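The block underneath contains the structure these notes are about, expressed in structure tokens.
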Amino acid sequence: MDSRRHEVMKAVLLNSGDKVEDSGDGFYLRMNHTIFNEQNGTWLSGNAYIDDEMPLDIQLGTGHLNVFRAYQQFSAGQQSPTSSVDNMGWDYGTLESKSHKEAHRDTEAQRIARYG
């Protein structure tokens, strides 16, 4: 049962951290708070967002843990890559992906096209 794998729980906890408050359109995954570093910068100006080789921001880590978001992500259940997936959930599989910056730019372009 993949839900009992420690990697799944760790990934959900790391992913659930608030970084940038969502404006209501879901672009920032319904995060509740924007957190700031010592220079009053956000996650988007931090070193982990800018440098693909750095997995954690030196000051912000993966964000401020939001246990309710972790619960929502975990309880949404395992998603299958062979069918359409929900907005929340998890999967134990692997995939090839663009860098997070390329994915962010693509998603931002889609959001602008959709909402103006």
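For Val20, work out the one condition from (1) in contact with a His (Cβ under 9 Å, 6 or more places away or on another chain); (2) not in a loop (DSSP other than H, G, I, E, B); (3) not polar (S, T, N, Q) it doesn't fulfil.
Among (1) in contact with a His (Cβ under 9 Å, 6 or more places away or on another chain); (2) not in a loop (DSSP other than H, G, I, E, B); (3) not polar (S, T, N, Q), Val20 violates only (2).
Is at least one residue of segment 89-107 farther than 30 Å from Met1 by Cα, of a type in the set (S, T, N, Q) and at pLDDT below 85?
Yes.
Among (1) closer than 25 Å to Arg4 by Cα; (2) loosely packed, with under 10 Cβ neighbours inside 10 Å; (3) of a type in the set (S, T, N, Q), where does Gln39 come up short?
(1)
Identify, please: which residue in segment 47-66 is part of a loop (DSSP other than H, G, I, E, B) and of a type in the set (Asp, Glu) and is, among those, surrounded by the fewest Cβ atoms within 10 Å (Cβ to Cβ)?
This residue is Glu53.
Within the set of pairs 6+ apart or on separate chains, which have a first residue in segment 51-62 that is within 14 Å of Gly41 (Cβ to Cβ), a second that is among the hydrophobic types (A, V, I, L, M, F, W, C) and not in a loop (DSSP other than H, G, I, E, B), and C-beta atoms under 7 Å apart?
Partner pairs satisfying both residue conditions: Asp57/Trp43; Asp57/Ala48; Leu60/Trp43.
Just to be sure before I move on: is Ala11 modelled with pLDDT under 90, in contact with a strand residue (DSSP E or B) (Cβ under 9 Å, 6 or more places away or on another chain) and under 16 Å from Phe74 (Cα atoms) in the structure I sent?
yes
Testing Gly63 on (1) more than 17 Å from Met9 (Cβ to Cβ); (2) small (Gly, Ala, Ser); (3) under 14 Å from the mean Cα position of the chain (by Cα); (4) modelled with pLDDT of 80 or more, one condition comes back false. Which one is that?
Evaluating Gly63 over (1) more than 17 Å from Met9 (Cβ to Cβ); (2) small (Gly, Ala, Ser); (3) under 14 Å from the mean Cα position of the chain (by Cα); (4) modelled with pLDDT of 80 or more leaves (1) as the failure.
Where residues in segment 1-28 are closer than 23 Å to Asp91 by Cα and without any contact (Cβ under 8 Å) to a residue 40 or more places away in the chain, which of them is farthest from the chain's Cα centre (by Cα)?
Out of the qualifying residues, it is Met1.
Gly24: surrounded by fewer than 15 Cβ atoms within 10 Å (Cβ to Cβ) and among the small types (Gly, Ala, Ser), yes or no?
Values: surrounded by fewer than 15 Cβ atoms within 10 Å (Cβ to Cβ): yes; among the small types (Gly, Ala, Ser): yes.
For Gly24, the condition - surrounded by fewer than 15 Cβ atoms within 10 Å (Cβ to Cβ) and among the small types (Gly, Ala, Ser) - is met.
Within segment 23-45, count every residue that is over 22 Å from Gln79 (Cα atoms) and either touching a helix residue (DSSP H, G or I) at 6+ places or on another chain (Cβ under 9 Å) or not in a helix (DSSP H, G or I) (or both).
Result for segment 23-45: 16.
The values are calculated or read from the model by the stated rules, or taken from the named source; none is laboratory data. Source: prediction; values computed, not measured. Using ideal geometry, Cβ is built from the backbone for each residue, glycine included, and neighbour counts are taken over all protein chains shown.
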